[in-house]
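Please treat every number below as a calculation from the coordinates, not as lab data. Everything numeric in this text was worked out from a predicted model, so none of it was measured. Cβ sites come from the backbone with ideal geometry, for glycine too, and all protein chains shown count toward neighbours.
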Amino acid sequence: MQRSPETRRKVLLLDDHPIVLLAVKTMLSDCADFELCETPKPGHPLLAWVERQLPDLVILDLLLDGRSGLDLLPGILRVAPAARVVIYSSLDETRHGLRAFRLGAKGYVMKSAPHEQLLEALRKVAAGGLFASESVLQLLIDEAGGGERNSEGLDGLSIQQLHVFRLLGEGYDTAQIAARLGVSLEAVQTVRERIKQKLHLLSGVELVRSAEAYCESESSSGQQP
């Protein structure tokens, strides 16, 4: 059935940052072509909420209270197969954008961009297109043409692993990370070991030093954590 031009598209925002929630809600409240779905309460199963709302568009953060948005993405598309997902994140799009598109995302917008860019992305994706920066689109073109995937170094870390890596660089120890993420000590230790393997680090000391250097480089380049 063809959607009439007057129909407002339902948008579900999955983000746990109050400032972001308020900004996006304010922006969409002034748009005649979008209707914002009710956001899930803290602790509510997100996939069940997506299935209940059945949105046309989902705005998805990559870090949701320590959880990986990319881990949720396949489930979102399973329970709401007609939904089109736009990633809205402070994490570097050149590092995570290609992976997001492989998993089914249709757009990627950095939170550092003007809010108008998110609105532009929603409209383009709703119309059936893709939205990303030129660099990410070029990566997609290269991959479609058979370009080699880069899985070395930090590019090979999952969202969860990168989150733990960043927390190590910010001075958190294993127990503090476990408490912050609400997971077991053993789970964090396992993630640490996998990071060491992927980055070819021989000890915990090397891991922490590498994480500290990473956070320092992000800070000096002006990226948001």
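Which entry in (1) 1.06; (2) 0.97; (3) 1.13 is this structure's computed Cα Rg over 2.2 N^0.38 Å?
Here the calculated entry is (1).
I need to check one value: relative contact order of the chain, counting alpha carbon pairs closer than 8 Å and at least 6 residues apart, in percent.
Here the relative contact order equals 15 percent.
Modelling each spin label as a point 7 Å along the Cα-to-Cβ direction, I'd like the SER133/ALA179 distance in nm, to one decimal.
The answer from the label model is 3.6 nm.
Would you please give the residues with an amide H less than 5 Å from that of LEU63, counting only those at least 5 places away or on a separate chain, with H modeled from the backbone geometry?
Those qualifying (amide H under 5 Å, at least 5 residues apart or on another chain) are GLY69.
Could I get the Rg over Rh figure for the stretch 153-220? Both from C-alpha atoms, Rh via Kirkwood, rounded to two places.
0.93
For ARG52 and ILE19, what does the FRET efficiency come to when R0 = 30 Å and r is the distance between their Cβ atoms, rounded to the nearest 0.05?
Rounded to the nearest 0.05, the efficiency is 0.70.
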